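Each reported figure results from applying straightforward, stated rules to the coordinates on display, with no laboratory input. Treat the numbers as computed from the prediction; the structure is a model and nothing was measured. Using ideal geometry, Cβ is built from the backbone for each residue, glycine included, and neighbour counts are taken over all protein chains shown.
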């Protein structure tokens, strides 16, 4: 053995040791930092929203001071300072937040002054007017002041360009007048004008700032940052994986060199001559290897362990030496596992694989283990070397990835893929054990509206609460999954069909009643409900896919039954689905076959009992189906998009009929026509209406278009643009079925509507149903306070008429006066009314 | 559907207010101070009153922010070391933790960053932190106290932190007006209540609101009239926030001061130009509010302002 070789060996061992150690340290992924950063960014997002909300509350006068706003800004600023600026996306987020905070500061300063002047001016104008009248000095001044008062009122109601101009002109006129005046109260007037001017200037600036706040890209940038974090994190996971591979190779090399050194050591020992340096070297490598190493004799009695062994297992060298490595056994592998392992060692001299061991403190951990048998030159087993890595860190990562793949991160429930897997397994098991399984397909009613009206963040919050509530409704043996969006699935297994049919409805009931509580979402409150479909294995379907499909179908059945209920799947449903398909097919042809007809239901003045308007209603007489209920076919027309063409036909037919009536019978007659959500989503709607008005020469104000509450009112939606275009044409817009949807104040203010139509539901049972009485009264009062006119539908009794009159609702529609009638009958009604007597004032 | 409608009605009505016995007013009561560590606060108190925090041991923080003078010094502008005249009126140290930013021009965003200002200012205490540390290290009394109060002992950061702890303890709750807000109707007289009504009616409340009755926003001095042109002799300190941002829009913009304990801190404004509250309110009426006021109304508003004097350590200030 020459010295050079020995030196090379020494060098090689040290090099691999260094390599292995450095690779090991690089292979550790910093989970904590990833979680911390994500948490921080989420907090920032939350706080920015808080600040915007605080600003909004101040602007709306809901908060009387700026303390909340100030505090929100302060917290946001502190969070903002914690951002790690080595990432460019973070720098941008920080800048966006700083801008937001600065704008909030400006809003406070401007709002204080604006608010003060707006509070002061109306009263001051009144006082001055009184004084002018008393002194009777300057009637022109009084008139101009009155003009200013009116313009302030208009400006206050709607600060649009024309009203701002009007207000400004009124100020200018008075200012000019003031210059020519030398009369008292000159000083008071000039102060008043200063305040008025200030209102205009500050309103503009505030409007701009509010616009900035509303459009602040915080949420977008937060999304960018989180996406970047996630991809960095994924990249470092991948990198760590590669480095780990390198690490294994390096350690393997290290092990080989240790083995070689040990063999040489043994040879040297057998020669009863020691090369002391080589021995020390091997000992150093052994001791400092980052992997745990156990050296045992041929009977597997431990001779020596290294530092890494003690660190991982918790057993010191003294604890271990003399014992069998089975002290580490966790019991998680059975004896066959060990038998196979030893058989392989015996045969190939080597075994490697993953297994679970137990630390001295009882904790179980995963390790990657290699066992090498050492043989003497005569090929007799002399020693074992076991080398292992603690995989707990890596396992945690894998578990996290497993979690992401199988669980919904928002609600922690099983996701669609895990649920489907589990269901398949349950069904296999169910076939074997003759179990019954029920799927409860839960879909939240009107969740979309919550998302649209309160934002996705609030929607997510609601989903988390709903998920928790559903979990509390089921038993430990049942499982809950989030199937996607606002859909959840509960799986119930029972040994018999009878038990299942008994228990599934109990659980469904429980879920329905739990979900109909009030949900607090930040400052908002919401009520929701759910529709549940129940399908049973094996009665309803034999496979996982078909069972799911049946449950889904049953859920839709529940929706049709008015939501907030549960339905079992049954064969009757299949029949229903077939009818639906048939109706859709026939409906496509109904127009060209002249099967559709417009009926007219009078809208009348309850006091004078005179027809003021007709609502155009679509009817369908089918040669085979007979009279198809409108609720049924209109829903199908909506879903299939057929409503767009049919709706236009109704519009055209009804408007032309109105023009005839106006010419022949009553020139002040109005017509109300329903416009579907789908129609409002088409670009050309307003153009079509415009051309129809031009062709028929109908004055636009006689056309009233009824829209429902479930239209989209997002700022950039086509729907909202259409409503404003229609409004600009001079057409009247009204809100149909009011009270059944999700309207709130902001929503109503945003729409250019002029009339609310109280849904028939709230009119029914008046005056006996005190709830309905209260609600109808509230709607009427609210409509008046917002400047809307109001009409009640479903008026069927004299008592209801009397109630409406007493509460200030003067327009009605319903069977009491007349049901919807065909054109000829409607013409007769009008003729009776107006041919003999001239129209009276409304 | 009934549920939906009640949701609708809920959102139409104002947001529900938590059950509390407080009156719903733009001003809210000052909370009681929360003290995390008595040692740190007491250490801060010593430092606050220690002249070694200035060049040649001439001044302490308390020289300009005396707890006996409403947390200020009663001067038009404060005096610094070697008799230097300062540039601006000393604001009260009481309730300063409620301010959204510190200094008249709001250049410090926390008490911790505020401390550096006067200490390093050549016209005020004119000393470096290293200089202060060197002096305190010679005093074993301080070294021991710091050891007790802070794990890391005497250091520049801990000196600042102790001063801030002390400043944060300087809240003045239980003013007569706060008692009124807490629904003790007899806490203030009818005339004082009338003063508060006028305070709101004239619009003072627009800026002076919240727990500190101000101190939470910036405002331009001279919205309705040019105060500085009328007063004349414009100094750099008059430019306010412009000195920090150099943005034209920030000229003459100041932090709206808190009116807590205002009766004790004459003279008023950043320039100390108003000798008493009546004069200060009158200037506000003309230059900020653009209102014509009567002497009687101003007198009543001043009566109200006097009810804002609170208690420190359970004793009236």
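Orientation-averaged projection of the range A:91-189 equals 8.1 nm² [convex hull of Cα atoms, one quarter of hull surface area]. The separation of the range B:81-100 from the range A:488-518, counted between C-alpha centres, amounts to 68 Å. Each principal axis of the Cα atoms in the range A:416-572 has its own extent, and those three values, largest first, are 51, 31, 23 angstrom. For the range B:243-284, the normalised intensity computed at q = 0.17 Å⁻¹ comes to -0.55 (log10 of I(q)/I(0), Debye sum over alpha carbons, equal scatterers, no solvent). Computed over the range A:656-725, the alpha-carbon pair-distance distribution with 5 angstrom bins reads 3, 15, 24, 22, 16, 10, 7, 2, 0, each value a whole percent.
Its convex hull of Cα atoms gives the range B:31-154 a direction-averaged projected area, equal to a quarter of the hull surface, of 8.1 nm². Taking the inverse of the mean reciprocal distance over all distinct Cα pairs, the Kirkwood hydrodynamic radius of the range A:515-559 comes to 12.2 Å. Per q in 0.10 1/Å, what log10 I(q)/I(0) does a Debye calculation on the alpha-carbon atoms of the range B:174-317 return? Evaluating at q = 0.10 Å⁻¹ gives log10 I(q)/I(0) of -0.36. Per residue, the average separation of C-alpha pairs within less than 8 Å and at least 6 apart gives the range A:595-834 a relative contact order of 21 percent.
Residue separation of residue A:663 and residue A:784 scaled by 0.36 nm, minus their Cα-Cα distance, works out to 40.3 nm of gained length. Taking the DSSP bridge list for the range A:595-834 and keeping only pairs wholly inside it, about 40 percent are antiparallel. Over chain B, the reciprocal of the mean inverse Cα-Cα separation, the Kirkwood hydrodynamic radius, stands at 21.3 Å. The range B:153-185 and the range A:572-649 have their alpha-carbon centroids 72 Å apart. Per residue, the Cα convex hull of the range A:370-498 amounts to 181 Å³.
Kindly provide the helix-only [θ] at 222 nm of the protein assembly as shown, computed as the sum of -39,500 (n - 2.57) over DSSP H runs of four or more divided by all residues, to the nearest 500 deg cm²/dmol?
That calculation yields -17000 deg cm²/dmol at 222 nm.
The fraction of Cα-Cα pairs per 10 angstrom bin, counted from 0 for the range A:596-663, comes to 18, 42, 28, 11, 0 percent, rounded to whole percents.
With the convex hull drawn around the C-alpha atoms of the range A:297-339, the volume per residue stands at 80 Å³.
Any idea what angle helix A:823-834 forms with the longest principal axis of chain A, computed on alpha-carbon atoms, 0 to 90 degrees, nearest 10? In chain A, helix A:823-834 runs at an angle near 40 degrees to the longest axis. Averaging the Cα positions of each part gives two centres, and for the range A:88-115 and the range B:103-129 these lie 25 Å apart. With contacts taken as Cα pairs under 8 Å at a separation of at least 6 residues, chain B carries a relative contact order of 23 percent. Taking the DSSP bridge list for the protein assembly as shown and keeping only pairs wholly inside it, about 75 percent are antiparallel.
Taking all pairs of different Cα atoms in the range A:291-406, averaging 1/r and flipping that mean, what Kirkwood radius in angstroms comes out?
Result for the range A:291-406, one decimal place: 15.0 Å.
Each of A:761, A:566, A:582 was scored by other Cβ atoms within 10 Å of its Cβ. Listed from fewest to most, they are A:582, A:761, A:566. Modelled spin-label separation between residue A:760 and residue A:416, with each label point placed 7 Å from Cα along the Cα-to-Cβ direction: 3.8 nm. Compared with the dominant principal axis of the Cα atoms in chain A, helix A:276-288 is inclined by about 20°.
Which length gain, in nm to one decimal place, applies between residue A:361 and residue A:238 when the Cα-Cα distance is subtracted from 0.36 nm times their residue separation? Can you show the working numbers first?
Values: separation 123, 0.36 × 123 = 44.28 nm, distance 3.23 nm.
Taking 0.36 nm per residue and subtracting the Cα distance, the gain is 41.1 nm.
This ranking places A:157, A:141 by how few other beta-carbon atoms lie within 10 Å of each, fewest first, which gives A:157, A:141.
Volume of the convex hull of the range A:13-248 (Cα atoms only), normalised per residue: 132 Å³. Hey, what angle do you get for helix A:186-214 against the long axis of chain A, alpha-carbon based, 0 to 90 degrees rounded to 10? Taking Cα atoms only, the helix is inclined about 40 degrees.
Kirkwood Rh over alpha-carbon pairs of chain A, then Stokes-Einstein at 37 °C and 0.692 mPa s: what D in µm² s⁻¹, rounded to an integer?
After rounding, the answer is 94 µm²/s.
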